[in-house]
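Have a look at the structure below before the remarks.
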Amino acid sequence: MSAQRQRIILVSVLLVLTLVSAIWSLSVGAVKVPVDVILNTLFNLDGDQQRYIILRSRLPRVVLALLCGGALALSGAIIQAVIRNPLASPGIIGINSGAALFAVLLVSLMPNLPPVWMPVAACLGGLSAAGIVMLVAHFRTLSPAHLALIGVAVGLVFEAGVDYLLVTSSDAERSAPLIWLTGSLWGRTWDHVSISLAPLLCLAALAMALTYRLDLLSLGDASATGLGIRVPALRLALLAVATGLASVSVAVVGVMGFIGLMSPHIARRLVGGSHRWLLPTSMLTGMLLVSLADGVGRAIAPPIEVSAGILAALLGAPFFVYIMLTTASEQDR
Amino acid sequence: MPRVLRYVLLAAALLLAALWSLTLGQRDDVSLANILTLLWVDDGSLARSAVVDLRLPRTLVALLVGANLALAGLALQAVTRNPLASESILGINQGAALGIALAVVLPIFHAIPLDAMAIAGAALAGLLTFAIAGGLGGRLDSIRLILAGVAVGAFSYACVRFTYTLDDDLSRLVITWVSADISSMQAGQVAPLAVWTAIGVVSSVLLAHGFNVLALGDGASQGLGIDPRRVRFLGAGLAAVLTGASVAVAGPVMFVGLVVPHLCRFWFGQNHRALVPAVALGGASLLVLADAASKLIRFPYETPLGVVCALIGAPYFLYATLTARRLA
């Protein structure tokens, strides 16, 4: 079997898995809805209570899980390629914390602003955090691990700001951002889908359009320049796209760490390093991971929900350690 | 300047900071002018009771926690030979927080005292971090150590954050506690903490020689008849106990253990025997000042101590990361 066919099969299996997990995720929760009823509801639109639960409460969650999981994974894949660092991800270089700080800031300073502005504020925050990290990296040559540390430091600064805002805000507005910060899909509606859909699709399309250049970039700066690529400009553009993808998803579903780190690594094992395959596969992997995490979080102990972000961190932190152990030795010396 | 004079100056600064912090609060009949009479003479006034019953325990807790965390940071930096090591970076603080959160949430752990849960959490998190970094085998990789600490810390904090989503009352309890709010400390909490601080200072003095030798490298310390592994084990254990005991009372106060030993090294040099008292005094002063700031920032509201420390400490961590040469 050729490598091409193998990849096609792998990607289709992933696609089917994602769909199955999405439909399964529609069926679990405080009220159990059998799968045949779901299919019936989705395609024939009849029934009453079930229909309400599925269409109004669970479907937007699942759609958001797919959107944001895909966006985070895509963002992680681009960042890992651009700064050539296997430990990099939107969370590690501080984008998540920056986006979270600006989103919380917007909510506490201007609570009456329409929610459309949330993604904009989050993008500004993500860009400022990524900007600081890249500025530092620009002036000093840094090892990958060192860069990750600076990202962690910048993230901690922004997180301190988030804590300050949360703790000093009045009690009534406190618990909503708390749940949001744990990376939860709880209480998400079609409004959240509508404010994030357009920017995410545009950014994802932009990322797909740049895949060929991403491949050239991975040959090294000198070869890429020789092939007629303006490396600094391309790098900046790619990082901006990646930051946008991660920030918009933070604005709607909160901080979901480690998805952007794990998905590209899993995808690379499946289809290899060519970005034409890597980017879509990472995206699918991210979708699968987040929709599974959300479904599992609801299935563990209904009616209590475990945030998808918490499950992602519980899975992701050991994964991070694994990646660190397998890569640190070759890059440190 | 002779070293003794420097200690005296630091102690005087601590005393002044503590007295100043005691005058801050809602009442305006307490000032630097009459604070000493209020402390020593029981005139039965409301001002006296506000100072002695409400403010004094809180200031003392800040003082003791500051000393404990700074000593823990010093021990960790010596043990790992890494200038960025501290209990919050290595995940020990977050491990202690997880221990407490489990004790609050799960009924099985209600019988165990909070100190024990926090110390167990701190020790486990520290052990895990060291294990991942390869410390159990003897040789520590400094970058790995910190990245491992970050991962262990993130893991523990994700578990703590999970409790936010459980139940409104429970989540409020956990978040005031996680943000290190020490505004309602009681006199009974001071004495046990003071015992831990005393143990910490004495053990640090005893270990100081070992730390000095460890700084020369493993080979040299073996040559000088000191087992580097034993010093490492004792130092890391001391750090876990001091952090756990402090976190159990005041919540996870971040970055004190990073900032204070750094600043003290500028003034007292690299000798750990000289550093131990300086770091204890310095940590106490810093936290007393941070506590005073937490009363002032949004007067008349309180800003939790943990948030003040994070706002000071996080930028300092960034600075330390950028200037650390011995890292990679």
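Residue selection: B:Ala111 fails the criterion of being modelled with pLDDT under 85 and at the interface with chain A (Cβ under 10 Å from one of its Cβ atoms). Determine, yes or no, whether B:Gly121 is at pLDDT below 85, more than 9 Å from chain A (Cβ to nearest Cβ) and touching a helix residue (DSSP H, G or I) at 6+ places or on another chain (Cβ under 8 Å). For B:Gly121, the condition - at pLDDT below 85, more than 9 Å from chain A (Cβ to nearest Cβ) and touching a helix residue (DSSP H, G or I) at 6+ places or on another chain (Cβ under 8 Å) - is not met. Selection of segment B:279-293 for residues being within 13 Å of the chain's Cα centre (by Cα), among the hydrophobic types (A, V, I, L, M, F, W, C) and open to solvent by 10 Å² or more (accessible area, probe 1.4 Å) yields B:Ala280, B:Leu281, B:Leu286. For B:Leu84, the stated conditions do not hold, so it cannot be described as more than 14 Å from chain A (Cβ to nearest Cβ) and either of a type outside the set (Val, Ile, Thr) or touching a Lys or Arg at 6+ places or on another chain (Cβ under 8 Å) (or both). Of all the numbered requirements in (1) open to solvent by 10 Å² or more (accessible area, probe 1.4 Å); (2) over 28 Å from B:Val205 (Cα atoms); (3) touching a residue at least 12 places away in the same chain (Cβ under 8 Å); (4) within 12 Å of chain A (Cβ to nearest Cβ), B:Leu296 misses one, and that requirement is (4). Looking only at segment B:84-132, residues that are of a type in the set (A, V, I, L, M, F, W, C) and not in a helix (DSSP H, G or I) come to 6 in all.
Quick check, is A:Gly228 among the small types (Gly, Ala, Ser) and open to solvent by less than 30 Å² (accessible area, probe 1.4 Å)? No, not satisfied. If you check A:Gly187, A:Gly155 for being at pLDDT below 75 and under 19 Å from the mean Cα position of the chain (by Cα), only one passes: A:Gly187. Within segment B:261-272, residues that are on the phi > 0 side of the Ramachandran plot reach partners that are open to solvent by less than 20 Å² (accessible area, probe 1.4 Å) with beta carbons closer than 9 Å, at six or more positions or on different chains, in the pairs B:Gly269/B:Leu275. Taken together, the residues in segment B:166-198 that are assigned to a helix (DSSP H, G or I), buried (at least 22 other Cβ atoms within 10 Å of the Cβ) and within 11 Å of chain A (Cβ to nearest Cβ) amount to 3.
Number of residues in segment A:277-301 that are closer than 16 Å to A:Ala71 by Cβ and among the β-branched types (Val, Ile, Thr): the value is 3.
Among the candidates A:Ile132, A:Ile92, the residue that is within 14 Å of chain B (Cβ to nearest Cβ) and either open to solvent by 30 Å² or more (accessible area, probe 1.4 Å) or of a type in the set (Gly, Ala, Ser) (or both) is uniquely A:Ile132. Quick one: which of B:Val241, B:Val276, B:Val247 is in contact (Cβ under 8 Å) with a residue 60 or more places away in the chain, crowded, with 23+ Cβ neighbours inside 10 Å, at negative phi and under 12 Å from the mean Cα position of the chain (by Cα)? Going through B:Val241, B:Val276, B:Val247 in turn, the sole match is B:Val247.
Please work out if A:Gly244 is in a loop (DSSP other than H, G, I, E, B) and closer than 20 Å to A:Ala122 by Cβ. When the stated conditions are applied, A:Gly244 does not pass them.
Taken as a whole, the structure places B:Pro315 among residues that are in a helix (DSSP H, G or I), within 13 Å of chain A (Cβ to nearest Cβ), at pLDDT 80 or above and open to solvent by 10 Å² or more (accessible area, probe 1.4 Å).
The values are calculated or read from the model by the stated rules, or taken from the named source; none is laboratory data. Predicted, not measured: the structure shown is a model, and the values here were computed from it. As a convention, Cβ positions derive from the backbone with ideal geometry for all residues, glycine included, and neighbour counts pool all protein chains shown. Note: accessible area is taken over every heavy atom of the protein model, side chains too, but ligands, DNA and RNA are not part of it. Shrake-Rupley method; radii C 1.70, N 1.55, O 1.52, S 1.80 Å.
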